[in-house]
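Notes to accompany the following structure.
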Amino acid sequence: MEKLKSALSNCYLSLIVLFMYAPIATLVVLSFNSGRSRAQWSGFTTDWYVAMWADETIMAALRNTVIIAFLSAFVATVLGTLAAIAINNMKPVSKNIIMSITNVPMLNADIVTGISLMLCFIAFRISLGFHTILMAHITFNLPYVILSVMPKVRQASKETYEAALDLGATPFQAFLTVVLPELMPGVTSGFMLAFTMSLDDFIITHFTRGAGIDTISTLVYSQVRKGISPTMYALSTVIFLTVFIVLMIGNYAPEWAKKRKRTV
Amino acid sequence: MSRNLLELQNITKSYDGQLILDDLTLDIHENSFVTFLGPSGCGKTTTLRIIGGFEKPDKGRVLFDGKDITNLPANKRQLNTVFQKYALFPHMSIEDNIAFGLRIKNKTDAYIKDKIKYALKLVNLDGFEKRSIDSLSGGQQQRIAIARAIVNEPRLLLLDEPLGALDLKLRQEMQYELIRLKNELGITFIYVTHDQEEALTMSDYVVVMNQGYIQQAGSPEQIYNEPENAFVADFIGDSNIVPGIMVEDYHVRIFGADFKCVDAGFGNNKPVDVVIRPEDLEIIDDDDPRAILHGEMTHIIFKGEIYEMECTTPDGFEWLIHSTELHEPGKKVGLYVKPSNIQVMNKPESEDEEALGVEE
């Protein structure tokens with residue numbers, strides 16, 4: 001009976017994983033297909049990957065995507081961490097109000113955020129381009145960082161901060177040496193989350209980019225209309241793997257760090 | 001007596017309109033072990049935080065070695081604190097925890113290494129340098145917290161209920177450790193606790209606080225044997241506090257019985273409060289001529305080293321008695337108290353003072 005139960009539950013789990021990853025597996029397989037057909041396997045090739053690296057528009061889009069993801073995640077992490085600390089020190093009523101205000105953009109439909117950001121940039125006569133995508137990404141990343149840092153801020157003991165002051169540290173030294181390390185797990189997961197959110201984003205980028213600048217997602221979208229080239233499968237595979245690896249690091253890094261600490 | 005290291009002058013502090021400290025003035029001598037003793041909410045921790053620089057008083061001044069440090073931030077003060085919950089830095093090794101203050105002061109590595117070794121030896125944890133904080137027991141963590149504070153060679157060490165989280169046996173051990181440390185280091189300790197036994201065991205000078213006021217300050221013997229008011233008498237140890245009449249000097253009347261005492265200067269026929277410690281009541285035979293009070297044994301609890309008993313006198317008062325001799329309930333006995341063991345106190349004069357007294 002127990003055996004049957006565990007066999008069934010394994011079966012169920014495999015099905016879920018299959019349905020979730022089958023489309024991605026198809027994409028990965030097709031990216032190595034030498035023919036252009038989506039239905040027929042014509043032989044293994046890595047040509048599409050080579051073609052992808054050689055394609056200057058794809059590479060420019062990739063550079064933009066990574067730079068924007070990194071910069072927006074970094075700025076959002078710095079601002080979000082400081083904001084979380086400040087919010088935590090507020091009186092309960094204002095704390096609740098501010099937390100609700102920061103939570104709303106996360107629930108807001110991307111298309112609404114995208115259009116309203118675009119209108120806002122135009123209203124303030126900011127020409128659309130790389131910088132507007134960056135600003136937009138920082139904006140939508142902020143709440144995610146605050147949300148992931150907040151629990152750590154709440155846990156952090158006030159006493160360790162005071163102990164650092166007591167031992168002669170200035171408030172800034174105490175923050176760097178004692179408070180920040182305590183918040184670090186929340187800060188890194190906030191950064192990882194922001195980074196992947198930015199990599200993933202299409203809709204907001206679509207509305208806030210100017211002419212002549214593309215990220216991977218907007219490039220794929222514009223190519224879809226012309227008929228998809230298998231280089232796009234190769235590119236999508238690379239994006240998937242990047243996000244996958246970043247998420248894995250985000251999830252397992254704290255455990256690795258703990259293990260290393262234990263062995264030391 | 002040695003000179004003052006710390007002077008608190010007219011310190012007043014309130015939070016959200018609630019008065020925590022009211023015009024508190026206190027001198028602390030160099031090289032003494034001073035304890036702030038009182039129930040929770042009496043203002044003792046706030047006083048410590050004001051000395052440590054974590055709070056600013058609304059009014060009053062803090063003088064350290066004669067210099068006004070009221071507005072000096074915590075990191076500039078020549079004193080260190082051992083926090084109630086240890087407040088060790090969890091992401092650092094023991095070594096790094098202890099070295100923290102020294103690294104801030106840019107001491108050389110060799111100096112720091114020596115100091116760590118010395119401090120760990122002092123708290124009986126040699127060889128623990130590389131261990132992590134989570135691998136330590138509560139008592140060991142507290143020793144590290146002490147080591148981390150004393151490597152900075154503070155002139156004054158503040159300890160905020162440092163033994164509160166430890167179990168009884170460990171607490172007693174640590175009490176002796178702290179006394180030894182204080183004597184070896186020759187620095188001034190200010191210790192905050194709500195545990196009267198801890199205060200009496202360790203201190204040279206006890207400051208009993210309640211509701212933001214100093215109720216009494218003095219040596220442990222003075223506090224225990226000559227409490228100045230009913231609050232102090234009740235808070236420090238068990239006691240029988242009874243109303244009496246000071247008939248004349250050296251003569252007090254309690255429940256109609258006349259006692260000789262050693263107190264004088266209260267005036268004739270003045271109402272007073274009288275404190276008699278439970279171990280000072282002697283149980284003697286009912287027909288013994290020395291018996292001043294007569295009563296019947298009512299309750300008995302075995303407490304280990306003593307029996308805690310109650311003797312009810314005809315007026316209905318239940319006298320608390322500690323003795324190593326067992327007297328069964330129901331037995332008629334006589335009670336005797338040596339004149340020197342009777343402590344006479346003024347009754348609270350104003351309502352304000354009354355408010356500070358014991359809750360009945």
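The values are calculated or read from the model by the stated rules, or taken from the named source; none is laboratory data. Quantities reported herein were computed from a predicted structural model and do not represent experimental measurements. Note that we place each Cβ from the backbone using ideal geometry, even for glycine, and neighbour counts take in every protein chain shown. Protein only, heavy atoms only, side chains kept; ligands, DNA and RNA dropped before computing areas. Shrake-Rupley method; radii C 1.70, N 1.55, O 1.52, S 1.80 Å.
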- Message: With +1 assigned to the C-beta of every Lys and Arg and -1 to the C-beta of every Asp and Glu, and no other charges, what is the dipole magnitude of segment B:238-349 about the Cα centre in debye, to the nearest 20?
- Response: 280
- Magnitude of the Cβ-charge dipole of the protein assembly as shown, K/R +1 and D/E -1, about the Cα centre, nearest 20 debye? 5480
- In deg cm²/dmol, rounded to 500, what helix-only [θ] at 222 nm does the protein assembly as shown give when every DSSP H run of at least 4 residues adds -39500 (n - 2.57) and the total is split over its residues? -15500 deg cm²/dmol
- Along the dipole axis of chain B (charges at Cβ: +1 for Lys and Arg, -1 for Asp and Glu; origin at the Cα centre), the most positive-end residue among B:227, B:211, B:72 is B:72
- Query: What is the Cα centroid distance between segment A:215-230 and segment B:149-164, reported in whole angstrom?
  - Reply: 67
- Note on the structure: Counting only residues 5 or more apart in sequence or on a different chain, those whose built amide H sits under 5 Å from that of residue B:298 are B:310, B:311, B:312, B:330
- Note on the structure: Mean projected area, convex hull of alpha-carbon positions in segment B:238-349, reported to one decimal in nm², is 6.9
- Item | Per residue value of the accessible surface for the protein assembly as shown (all protein chains in place, 1.4 Å probe), Å² | 52
- Hey, what's the per residue convex hull volume over the C-alpha atoms of chain B, in cubic angstrom? 165
- the protein assembly as shown - Kirkwood radius from inverse mean 1/r over Cα pairs (Å): 31.0
- Task: On the full set of protein chains, 1.4 Å probe, figure out the accessible area of residue B:226 and give it in Å² to the nearest 10.
- Result: 100
- Note on the structure: So, for the Cα atoms of segment A:1-129, Rg and Dmax in Å stand at 23.9, 70
- Task: Calculate the length of the line joining the C-alpha centroid of segment A:54-87 to that of segment B:60-109, in whole Å.
- Result: 39
- Item | Other-chain or far-sequence residues with amide H under 5 Å of residue A:35's (modelled H) | A:42, A:43
- Item | Check: chain A dipole with +1 on Lys, Arg Cβ and -1 on Asp, Glu Cβ, in debye | 380
- Item | Partner lysines for residue A:91 [C-alpha distance under 28 Å; skip if fewer than 8 residues away on the same chain] | A:152, A:158, B:13, B:44, B:56, B:59, B:85
- Query: Which residues' amide hydrogens lie under 5 Å from the amide hydrogen of residue B:293, considering only partners 5 or more residues apart or on another chain, with H built in the peptide plane?
  - Reply: B:335
- Query: What list of ³J(HN,Hα) values in whole Hz, one per residue of segment A:94-99 in order, does the Karplus curve 6.51 cos²θ - 1.76 cosθ + 1.60 (θ = phi - 60°) give from phi, with Gly and Pro shown as x?
  - Reply: 5, 4, 4, 4, 5, 5
- Message: Need one value: the accessible area of residue B:250 in square angstrom, 1.4 angstrom probe, rounded to the nearest 10.
- Response: 130
- So for chain A, using the alpha carbon gyration tensor with a ≥ b ≥ c as root eigenvalues (a/c under 1.5 gives rounded; past that, a/b versus b/c decides prolate or oblate), I'd call it oblate
- Message: I need the phi-derived Karplus couplings for segment B:14-24: 6.51 cos²θ - 1.76 cosθ + 1.60, θ = phi - 60°, integer Hz, Gly and Pro marked x.
- Response: 9, 10, 6, x, 9, 6, 9, 10, 10, 6, 8
- Dipole axis of chain A (+1 Lys, Arg; -1 Asp, Glu on Cβ), positive-most option in A:141, A:176, A:21: A:21
